[in-house]
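Peer 1: The structure that follows is given in the form of structure tokens.
The values are calculated or read from the model by the stated rules, or taken from the named source; none is laboratory data. Values in this document were obtained by computation on a predicted structure and should not be read as measured data. Reconstructed Cβ throughout: ideal geometry from the backbone, glycine too, with neighbour counts over all protein chains shown.
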Amino acid sequence: MTTTERAPFFDETFLRRLEQLELASRRMTAGRMKGERRSVRRGQSVEFADYRNYAAGDDLRQLDWNAYARLEKLFVKLFVEEEDVTVHILVDASRSMDYGEPNKLDAARRAAAALGYLGLASMDRVSVAFLGDGQASGLRPMRGKRRAMELFRFLSQPRTERLTGLASAARAYAGRMRGSGPLLLISDLMDPGYLDALRDLAGTRSQLSVLHLLAPDEIEPEIPPDARLVDNETGHSVEVSGDDDLVERYRARLAEWQAEISAFVNKRGGAYVQVPSDLDLADLLFDVLRRRRVVE
Amino acid sequence: MILPLALIGLVSLPVIVAFYMLRLRRRDMPVGSTFLWQQLIRDVEANAPWQRLRFSWLLLVQLLIALIVVLAAARPFTATRSDLAANVVLIVDTSASMATRTADEDRLALARERAAEVVGRLPEGGRVTVVAAADTANVLVSETDDRDAALEAIDGLTPTQLPGDLTDAFALSSALAARDSDSTIVVVTDAAGDRLPDVGVGAPVIVERVGATDANQSIAALSALRRSGGAQLDLFVAVANPSEAEAVRRLEVYADGSLVDARELTIPAGQRTEALITTVPAGAATVEARLAGSDALAADDRAFAIVPAEERTRALLVGGGNAYLENALALLPRLELYAVGAAGYEDALEEAAADGTPYGLFVFDGVVPDEAPPGAAIYIDPGEDGDFGTVGARLDGPAIDRTDPEEPLLRFVDLTTVHIGRARTIELADGMRAIVATPRAAPLVAAGERDGRRLAVIGFDLGESDLPLQVAFPLLMSNIVDFLLPASEGILPSSMPLGQSFSASVDPRVERVSVVTTGADGSGTAVEIGVVGGQLTLPGADSVGVREVRAISDDPDLGGRILGRTAVNLFSADESDVAPGDPLRISDMGRVPEGDDGPGQPTRAEWWWPLALAALLLLAVEWLLFHRPTRRTLARAFGRRPLPLGGRAR
């Protein structure tokens with residue numbers, strides 16, 4: 001990242017702050033290249049992990065000659081090998097996301113940009129994709145901060161997707177996923193197939209974190225007494241009478257739904273984070289996601 | 001009580017409820033997704049035209065509003081009695097006495113307050129006409145239901161220096177009352193002797209009396225007489241004290257603006273003190289008398305007099321020779337007096353005709369000539385019929401009835417202490433009028449005009465009365481002579497009352513005149529008035545002072561010439577007596593309300609306006625309910641606003 005090229009999402013100071021963070025990976029993953037992460041593989045590094053008996057073909061340089069001197073047995077020293085991981089960031093780009101004040105999709109782009117930059121700064125491979133119209137369209141995995149501008153440009157592209165088709169889009173992405181690591185889904189999950197989508201994504205070897213993004217008036221709706229609610233995504237309408245009773249029932253249903261998703265994700269070892277679209281990005285990254293150990 | 005027809009409006013209540021049950025056309029509102037909402041309303045049948053009525057604060061408020069509006073439309077009222085009718089003529093006295101002002105009292109301000117109260121008491125829908133009444137009536141607002149306009153007119157009332165005369169105001173009120181039988185006339189006044197019409201009005205009259213003080217003294221008379229050949233004038237001044245306390249006032253006399261005399265006068269309560277001042281130089285043109293210091297009414301503390309020009313008329317006294325009469329006539333500087341016995345009358349006439357020096361005035365004391373004299377005449381104790389009227393039997397000890405204070409022939413003349421032994425009954429001829437009469441209307445002194453000649457009659461022998469012994473006698477004789485031989489300063493009389501208009505013929509070459517009024521405070525105002533066909537009509541003066549009429553003309557002989565001068569004074573005993581008078585005198589002018597319903601007019605106190613106000617408030621509540629803020633919008637408006645996720649982080 002050079003200072004001469006202006007970042008579309010953040011300023012320099014914020015990016016520097018971001019570099020203090022990295023995405024948490026609770027599972028030890030096996031990556032292709034040496035990265036800055038601990039791998040389940042034992043390999044060549046300075047951090048000692050274990051011993052094992054020598055077998056033919058082992059690298060003689062790994063033999064613990066001190067142990068041989070004392071015990072007259074050949075042991076090979078095992079080290080924790082630091083490997084790279086792939087950070088998957090999926091942004092729901094359906095029309096239902098293109099709503100709210102502040103706009104949910106804009107908020108999702110910014111969150112994805114920040115999280116992607118975290119990954120790039122940690123020398124992880126970062127794969128970003130938009131989910132929409134039943135497909136996942138994304139960039140080839142990239143690595144290194146130099147690719148940050150490419151990442152930002154991709155995320156700031158206008159989207160024309162209409163429907164989510166969240167389940168089929170997630171399945172499509174999970175099917176061609178390469179490399180494992182943190183998998184961050186940023187979506188309002190307003191799709192009948194949201195559970196299938198979560199199931200498919202949790203079924204990969206990646207560690208799933210769901211950033212459930214809702215607009216303020218989806219959390220605290222203001223409905224006129226006689227209104228016809230028109231779905232931004234499908235165009236379907238629902239007639240409601242916006243009295244206190246209805247709003248109360250809506251709140252209860254929302255809480256129930258969020259609890260349902262949270263339970264589903266947690267059961268599969270993932271993290272579920274509710275994110276209002278008017279939440280400050282710094283608060284999200286340095287407070288909310290850190291407490292939920294999505295970043296550290 | 002209500003107007004029941006308006007209750008038909010109650011039909012609106014079930015209509016409102018029906019609207020709530022009807023599935024109305026709804027307002028489209030975009031949302032991100034109806035995903036959750038769809039799960040919420042599965043129990044609602046989307047296509048049914050009616051829905052179950054659910055409790056709603058909005059419905060409740062709207063029903064309340066409808067109910068209140070219907071009730072307001074029903075014009076609920078309570079029947080009350082107001083002392084005012086629907087049509088009120090509010091007459092506010094602005095005559096000179098209303099300018100009474102002391103440290104404790106501002107009479108006109110009180111009148112304004114009282115008049116505003118009357119406007120406040122108007123029944124619902126009542127109309128008011130505000131009339132300012134001084135010597136004439138001035139309608140300020142006419143039959144308006146705009147109370148603000150009426151109050152504004154009342155606020156703008158100012159006192160005048162004019163004598164009070166309610167004749168016009170009552171005539172106007174009568175006309176209004178004749179149009180609307182539901183009328184009341186309210187007069188805000190100090191009831192201090194305003195002139196009233198002879199005929200009452202056809203509506204009840206309520207008097208709102210204002211004022212309390214009576215602490216006023218006035219210059220009641222001022223007259224300058226020129227003594228023949230003298231270096232000084234005789235100035236007669238009378239200072240009246242109508243209050244109930246003796247007063248000591250300093251009288252100052254100015255001749256053409258210079259102080260020439262000053263003296264302390266003690267005036268007993270309810271009386272007047274007269275002074276004869278002989279220090280005024282004969283060359284003075286204008287004399288002013290001034291009461292130094294201040295009292296309740298300022299307008300009557302100064303008076304002006306124009307000194308008459310030296311011009312003499314030959315007068316012939318015919319009769320037995322009454323010394324008092326001769327002295328009184330000889331004192332009049334305007335007269336050059338000659339006296340003959342009854343027998344010498346004819347010779348004197350012939351002699352005068354032969355000399356070409358006719359007599360302008362004849363005084364017949366106990367004598368009536370066979371033929372009317374060729375000039376003005378005074379008949380004293382006429383024994384026979386004459387051109388003045390028919391003489392009848394004698395009256396013994398006739399009393400003197402109350403005299404008209406405005407009568408110019410009795411100006412400065414106090415007859416209250418005069419006694420008459422016997423008098424002749426006289427039936428006056430046409431054109432003659434009684435000036436002083438008995439309580440039974442038998443004339444004692446009369447004056448008038450017959451065939452272009454002015455006449456006066458004194459119906460008793462001066463020797464059988466104490467009149468010649470009193471100060472009133474020379475004044476009466478002076479006034480009678482002034483009437484018979486009208487004094488004038490050019491085209492104008494030497495003295496005029498306030499408010500009196502005047503017409504005179506002027507040189508036809510004069511097209512315009514300038515009328516300069518020099519007020520009591522020395523300020524001068526000038527107005528130009530057009531002369532039409534050689535006839536000049538001057539409007540009445542509205543303040544005390546000296547008026548001077550100057551010709552405006554391109555002709556150097558005419559331009560700037562003084563056509564006449566006159567002194568304008570209040571000289572109104574009624575106005576100077578500022579003590580509040582008897583309100584019954586005025587209220588008796590009105591019709592007594594019919595029926596035995598007690599005082600006041602039946603009227604309605606309507607209650608629609610508080611209902612309308614309540615409906616308005618409820619409408620505001622409905623608006624708030626409809627647009628009630630959520631916790632989030634309140635937090636957005638007042639609370640800490642977090643940086644949005646979609647915003648630029650710092």
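Peer 1: What do you reckon, is residue A:162 charged (D, E, K, R), surrounded by fewer than 19 Cβ atoms within 10 Å (Cβ to Cβ) and at pLDDT 85 or above?
Peer 2: It is false that residue A:162 is charged (D, E, K, R), surrounded by fewer than 19 Cβ atoms within 10 Å (Cβ to Cβ) and at pLDDT 85 or above.
Peer 1: Restricting to region A:164-180, count the residues that are hydroxyl-bearing (Ser, Thr, Tyr) and closer than 23 Å to residue A:119 by Cβ. Show your work before the answer.
Peer 2: Here is the first cut: in region A:164-180, the residues hydroxyl-bearing (Ser, Thr, Tyr) are A:164, A:168, A:173, A:180.
If we keep only those that are closer than 23 Å to residue A:119 by Cβ too, we end up with A:173, A:180.
Selection size over region A:164-180: 2.
Peer 1: Can you go through B:220, B:215 and tell me which one is at pLDDT 85 or above, more than 18 Å from the chain's Cα centre (by Cα) and surrounded by fewer than 23 Cβ atoms within 10 Å (Cβ to Cβ)?
Peer 2: Unique residue meeting the criteria: B:215.
Peer 1: For residue A:105, are the conditions met, namely being within 14 Å of another protein chain (Cβ to nearest Cβ), under 21 Å from residue A:19 (Cα atoms) and modelled with pLDDT of 85 or more? Explain how you work it out, then say what you get.
Peer 2: Numbers: within 14 Å of another protein chain (Cβ to nearest Cβ): yes; under 21 Å from residue A:19 (Cα atoms): no; modelled with pLDDT of 85 or more: yes.
No; evaluated as a whole, the condition is false for this residue.
Peer 1: When you scan region B:292-370 for strands (runs of 3 or more DSSP E) that lie fully inside it, which ones turn up with 1 or more residues that are over 30 Å from residue B:232 (Cα atoms) and at pLDDT 90 or above?
Peer 2: Per the criteria, B:313-319, B:335-340, B:361-365.
Peer 1: Those residues that are surrounded by fewer than 18 Cβ atoms within 10 Å (Cβ to Cβ) and over 26 Å from residue A:170 (Cβ atoms), I need them from region A:227-238; list them, please.
Peer 2: A:228, A:230
Peer 1: A further question on this structure: Could you run through region B:371-388 and say how many residues are hydrophobic (A, V, I, L, M, F, W, C), over 38 Å from the mean Cα position of the chain (by Cα) and either part of a strand (DSSP E or B) or surrounded by fewer than 16 Cβ atoms within 10 Å (Cβ to Cβ) (or both)? Please lay out each step first, then the result.
Peer 2: Taking region B:371-388 as the starting set, the residues that turn out to be hydrophobic (A, V, I, L, M, F, W, C) are B:372, B:376-378, B:380, B:388.
Keeping just the survivors that are over 38 Å from the mean Cα position of the chain (by Cα) gives B:372, B:380.
Subsequent filtering for residues that are either part of a strand (DSSP E or B) or surrounded by fewer than 16 Cβ atoms within 10 Å (Cβ to Cβ) (or both) retains B:380.
Qualifying residue count, region B:371-388: 1.
Peer 1: Next up: Is one or more of the residues making up region A:151-162 away from chain B (no Cβ under 14 Å), within 18 Å of the chain's Cα centre (by Cα) and farther than 19 Å from residue A:94 by Cα?
Peer 2: yes
Peer 1: I'd like to check which strands (runs of 3 or more DSSP E) are fully inside region B:179-274 and have at least 1 residues that are among the acidic types (Asp, Glu).
Peer 2: Fully inside region B:179-274 and qualifying: B:205-209, B:232-241, B:247-255, B:258-267.
Peer 1: Taking the stated definitions as given, is residue B:425 in contact with a Lys or Arg (Cβ under 9 Å, 6 or more places away or on another chain), without any contact (Cβ under 8 Å) to a residue 60 or more places away in the chain and polar (S, T, N, Q)? Explain how you work it out, then say what you get.
Peer 2: On the way: in contact with a Lys or Arg (Cβ under 9 Å, 6 or more places away or on another chain): yes; without any contact (Cβ under 8 Å) to a residue 60 or more places away in the chain: yes; polar (S, T, N, Q): yes.
Spelling it out, residue B:425 is indeed in contact with a Lys or Arg (Cβ under 9 Å, 6 or more places away or on another chain), without any contact (Cβ under 8 Å) to a residue 60 or more places away in the chain and polar (S, T, N, Q).
Peer 1: Also, I was wondering about something else. Among the residues of region B:441-494, how many are in a loop (DSSP other than H, G, I, E, B) and out of contact with any strand residue (DSSP E or B) (no Cβ under 9 Å at 6 or more places or on another chain)?
Peer 2: 3
Peer 1: A further question follows. Where residues in region B:25-84 are within 49 Å of the chain's Cα centre (by Cα) and of a type in the set (D, E, K, R), which of them is modelled with the highest pLDDT?
Peer 2: So, considering only residues that are within 49 Å of the chain's Cα centre (by Cα) and of a type in the set (D, E, K, R), the one modelled with the highest pLDDT is B:75.
Peer 1: From the list B:171, B:150, exactly one residue is surrounded by fewer than 23 Cβ atoms within 10 Å (Cβ to Cβ), out of contact with any Cys (no Cβ under 8 Å at 6 or more places or on another chain) and part of a helix (DSSP H, G or I). Which is it? First the steps, then the outcome.
Peer 2: Working: B:150 fails: surrounded by fewer than 23 Cβ atoms within 10 Å (Cβ to Cβ).
So the residue among B:171, B:150 that is surrounded by fewer than 23 Cβ atoms within 10 Å (Cβ to Cβ), out of contact with any Cys (no Cβ under 8 Å at 6 or more places or on another chain) and part of a helix (DSSP H, G or I) is B:171.
Peer 1: So, one more: Considering region A:170-196 alone, what residues qualify as being hydrophobic (A, V, I, L, M, F, W, C) and in contact (Cβ under 8 Å) with a residue 40 or more places away in the chain?
Peer 2: Passing the criteria: A:170, A:177, A:183, A:184, A:185, A:186, A:189, A:190, A:195.
Peer 1: Can you tell me which residue among B:476, B:467 is closer than 26 Å to residue B:302 by Cβ, assigned by TED's automatic domain parsing to the domain that holds residue B:422 and in contact with a Leu (Cβ under 8 Å, 6 or more places away or on another chain)? Show your work before the answer.
Peer 2: On the way: B:467 fails: closer than 26 Å to residue B:302 by Cβ.
Being closer than 26 Å to residue B:302 by Cβ, assigned by TED's automatic domain parsing to the domain that holds residue B:422 and in contact with a Leu (Cβ under 8 Å, 6 or more places away or on another chain) holds for just one of B:476, B:467, which is B:476.
Peer 1: Further question: Applying the selection to region B:271-303, what residues are farther than 16 Å from residue B:221 by Cα and of a type in the set (Asp, Glu)?
Peer 2: Residue satisfying the conditions is B:295 alone.
Peer 1: The conditions are (1) in contact with a Lys or Arg (Cβ under 7 Å, 6 or more places away or on another chain); (2) crowded, with 18+ Cβ neighbours inside 10 Å, and residue A:156 fails exactly one of them. Which is it?
Peer 2: Among (1) in contact with a Lys or Arg (Cβ under 7 Å, 6 or more places away or on another chain); (2) crowded, with 18+ Cβ neighbours inside 10 Å, residue A:156 violates only (2).
Peer 1: Something else about it: For region A:177-287, list the helices (runs of 4 or more DSSP H) that sit wholly inside it and hold at least 1 residues that are more than 9 Å from chain B (Cβ to nearest Cβ); which are they?
Peer 2: Of the helices (runs of 4 or more DSSP H) lying wholly inside region A:177-287, those with at least 1 residues that are more than 9 Å from chain B (Cβ to nearest Cβ) span A:194-202, A:244-267.
Peer 1: Turning to a different aspect of this structure: Any idea which residue in region A:186-223 is modelled with the lowest pLDDT, counting only those that are surrounded by 22 or more Cβ atoms within 10 Å (Cβ to Cβ) and hydroxyl-bearing (Ser, Thr, Tyr)?
Peer 2: Of everything passing the filter in region A:186-223, A:206 is modelled with the lowest pLDDT.
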